[in-house]
1. Output the residue which, of all residues in the range 57-85 that are part of a loop (DSSP other than H, G, I, E, B) and under 15 Å from the mean Cα position of the chain (by Cα), is farthest from ligand 2 (Cβ to nearest atom).
2. Would you confirm, using the coordinates I've provided, whether Ser108 is polar (S, T, N, Q) and in contact with a Pro (Cβ under 7 Å, 6 or more places away or on another chain)?
3. Give the residues of the range 54-107 that are more than 16 Å from ligand 1 (Cβ to nearest atom), within 30 Å of Ala331 (Cα to Cα) and of a type in the set (Val, Ile, Thr), sorted by residue number.
4. Starting from residues that are of a type in the set (Val, Ile, Thr) and in a loop (DSSP other than H, G, I, E, B), keep the ones in the range 33-53 and report whichever is farthest from ligand 1 (Cβ to nearest atom).
5. Test of understanding: among Gly262, Gly268, Gly295, which residue is outside any strand (DSSP E or B), touching a strand residue (DSSP E or B) at 6+ places or on another chain (Cβ under 6 Å) and closer than 19 Å to Phe242 by Cβ?
6. Being modelled with pLDDT under 95, surrounded by fewer than 17 Cβ atoms within 10 Å (Cβ to Cβ) and in a loop (DSSP other than H, G, I, E, B) is the filter here, so list the residues in the range 298-341 that pass it.
7. Tally time: how many residues in the range 234-253 are over 18 Å from Ala197 (Cβ atoms) and either hydroxyl-bearing (Ser, Thr, Tyr) or in contact with an Asp or Glu (Cβ under 7 Å, 6 or more places away or on another chain) (or both)?
8. Filter the range 283-334 down to the residues that are more than 17 Å from Ala33 (Cβ to Cβ), polar (S, T, N, Q) and in contact (Cβ under 8 Å) with a residue 60 or more places away in the chain and list them by number.
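The values are calculated or read from the model by the stated rules, or taken from the named source; none is laboratory data. None of the values given here were measured: they were computed from a predicted structure. Note that we place each Cβ from the backbone using ideal geometry, even for glycine, and neighbour counts take in every protein chain shown.
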Amino acid sequence: MRGVVFDGKQARVVDDLEVRPPGPGEVLVAVAAAGLCHSDLSVIDGTIPFPVPVVLGHEGAGVVEAVGPGVTHVVPGDHVALSTLANCGACADCDRGRPTMCRKAIGSPGRPFSRDGNPLYQFASNSSFAERTVVKAVQAVRIPKDIPLTSAALMGCGVLTGVGAVLNRARVGRGETVVVIGTGGIGLNVLQGARIAGALTIVAVDTNPAKEEVARRFGATHFLTSADGVRDVLPTGADHVFECVGHTGLVRAAIDLLDRHGQAILLGMTAPKAEASFLPAAMFLDKSILGCRYGSSRPQRDIPLYAELYRSGRLLLDELVTATYPVEEFARAVEDAERGKVARGVLTF
Ligand SMILES: [Zn+2]
Ligand SMILES: [Zn+2]
């Protein structure tokens with residue numbers, strides 16, 4: 001079968017990939033569509049160290065082909081969106097509704113794939129850039145069949161992370177004020193999360209003025225090309241400021257823009273050793289800085305919720321997909337993503 005393999009030097013499409021059958025508690029999924037996210041590019045450029053050879057891809061949707069012993073929540077033929085969260089379902093963190101904090105969900109990647117008898121690693125417990133992949137039962141979330149799989153493919157990373165950060169982590173309340181710095185794939189989902197939460201003023205900040213139209217479509221009530229102008233819109237600051245770029249200067253800007261009792265939610269990935277500064281004295285006014293992993297999501301609960309919000313027109317998915325590419329054109333998809341030409345490119349099988 002076809003798939004995108006990174007060997008440590010380059011990522012390329014191969015057609016001799018194999019995947020083992022699903023074991024107990026696992027699901028074999030025929031991937032129909034997979035989103036190309038920056039984290040995949042970060043593996044290729046070394047920002048995210050990962051053992052090789054590895055089959056890339058970490059957000060996708062497809063059709064269940066087979067289930068292993070003990071799997072009852074999906075059957076062959078079901079449509080599923082895939083999460084990257086291979087949480088154990090049995091530890092204290094899983095049990096208290098914090099699967100993103102499950103310690104068993106991180107590290108020790110499996111090797112369900114092979115080429116010519118040699119095993120390949122699975123990226124983010126997912127590897128959606130393959131015609132078929134094997135995931136844990138908790139990662140396969142059933143979705144209604146009327147949702148296009150090219151759109152559902154984006155649920156597993158961008159939507160869970162962005163919308164989840166608003167609803168689960170920040171818990172934005174009706175009538176509150178929100179600033180979103182950076183309107184890429186995550187930022188757009190934060191914008192629509194804020195709209196769904198009922199925020200009154202939603203200020204999008206992006207240095208690229210061409211982003212204004214899409215930002216407004218996803219929920220922005222104001223658009224600025226610099227955070228400097230936010231105080232003109234919100235003189236006392238914002239209740240919630242989301243940093244979606246991963247730039248230490250913008251982390252500082254996010255904290256400086258907080259109103260009393262405001263919170264800065266850090267979603268952008270900075271370099272592992274990067275340091276940011278802030279004024280601790282200002283925090284005295286009940287302010288908070290929040291980290292957030294994967295939208296603090298509970299995928300088996302959140303994905304069906306987002307599916308219903310999509311069907312009722314309140315969550316935009318189709319508009320997130322700016323281009324689709326047959327998997328053979330992976331290189332062109334990467335080029336377009338690197339040039340910032342697309343919000344989200346989707347590979348199809
Ligand atoms: Zn991603
Ligand atoms: Zn667990």
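1. Residues of the range 57-85 part of a loop (DSSP other than H, G, I, E, B): 57-59, 68-78, 83-85.
Pick out the ones that are also under 15 Å from the mean Cα position of the chain (by Cα) and you get 57-59, 83-85.
Numbers: Gly57: 23, His58: 19, Glu59: 21, Ser83: 14, Thr84: 14, Leu85: 10 Å.
Across the range 57-85, the extreme among qualifying residues is Gly57.
2. Numbers: polar (S, T, N, Q): yes; in contact with a Pro (Cβ under 7 Å, 6 or more places away or on another chain): no.
No; evaluated as a whole, the condition is false for this residue.
3. Step one: filter the range 54-107 for residues more than 16 Å from ligand 1 (Cβ to nearest atom), giving 62-80, 87-99, 101-104, 107.
The next check asks that each one be within 30 Å of Ala331 (Cα to Cα); those that pass are 62-65, 79-80, 107.
Those that are more than 16 Å from ligand 1 (Cβ to nearest atom), within 30 Å of Ala331 (Cα to Cα) and of a type in the set (Val, Ile, Thr): Val63, Val64, Val80.
4. Taking the range 33-53 first, the residues of a type in the set (Val, Ile, Thr) are 43-44, 47-48, 52.
Those still in the list that are in a loop (DSSP other than H, G, I, E, B) too: 47-48, 52.
Values: Thr47: 13, Ile48: 10, Val52: 19 Å.
Here the residue is Val52.
5. Working: Gly262 fails: outside any strand (DSSP E or B); Gly295 fails: touching a strand residue (DSSP E or B) at 6+ places or on another chain (Cβ under 6 Å).
Just one listed residue meets the conditions, Gly268.
6. Across the range 298-341, the qualifying residues are Thr322, Arg339, Gly340, Lys341.
7. 5
8. If we filter the range 283-334 for residues that are more than 17 Å from Ala33 (Cβ to Cβ), which is where we start, we get 283-302, 304-305, 308-309, 311-315, 331.
Retained after the next criterion (residues that are polar (S, T, N, Q)): 288, 296-297, 300, 312.
Answer for the range 283-334, where residues must be more than 17 Å from Ala33 (Cβ to Cβ), polar (S, T, N, Q) and in contact (Cβ under 8 Å) with a residue 60 or more places away in the chain: Ser296, Ser297, Gln300.
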